[in-house]
Amino acid sequence: MKKLGDFLGRFAQFARESDEARTTVITVLETVGIKGLTIERVTIRSSVVTLSLSAIQKNEVFLKQGKILSLLHEHALTKHIEKVR
């Protein structure tokens with residue numbers, strides 16, 4: 001019989017990978033010049049990254065979306081991302 005901790009360990013792995021992926025997104029955004037993001041302001045669902053930013057910063061993300069996506073596709077944790085909004 002399996003222990004409950006074995007099942008919960010799987011979810012801990014997903015959460016850790018999610019935090020690592022969100023940290024990678026923040027690093028890429030800082031590389032292209034978008035500052036002031038924290039891990040709590042980044043959400044990844046399926047292939048879409050949603051950012052909690054001001055209107056000016058969202059416009060900057062929209063203008064630089066091609067470069068952001070190309071940088072995200074270089075990392076293993078974020079290569080599945082197709083849209084940043």
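Summary table below
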item: Restricting segment 26-47 to residues that are at pLDDT 95 or above and closer than 12 Å to L72 by Cβ, the residue that is surrounded by the most Cβ atoms within 10 Å (Cβ to Cβ); result: L29
item: Selection within segment 48-58 - closer than 17 Å to T31 by Cα and either modelled with pLDDT of 95 or more or not polar (S, T, N, Q) (or both); result: V49, L51, L53, K58
item: Flag if L77 is modelled with pLDDT under 90, outside any helix (DSSP H, G or I) and surrounded by 11 or more Cβ atoms within 10 Å (Cβ to Cβ); result: yes
item: Residue in segment 48-58 that is surrounded by the fewest Cβ atoms within 10 Å (Cβ to Cβ), counting only those that are touching a helix residue (DSSP H, G or I) at 6+ places or on another chain (Cβ under 7 Å) and part of a strand (DSSP E or B); result: L51
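The values are calculated or read from the model by the stated rules, or taken from the named source; none is laboratory data. Please read these numbers as outputs of a predicted model, since none were measured by experiment. Because the Cβ atoms are built from the backbone with ideal geometry, glycine has one as well, and the counts that use them run over all protein chains shown.
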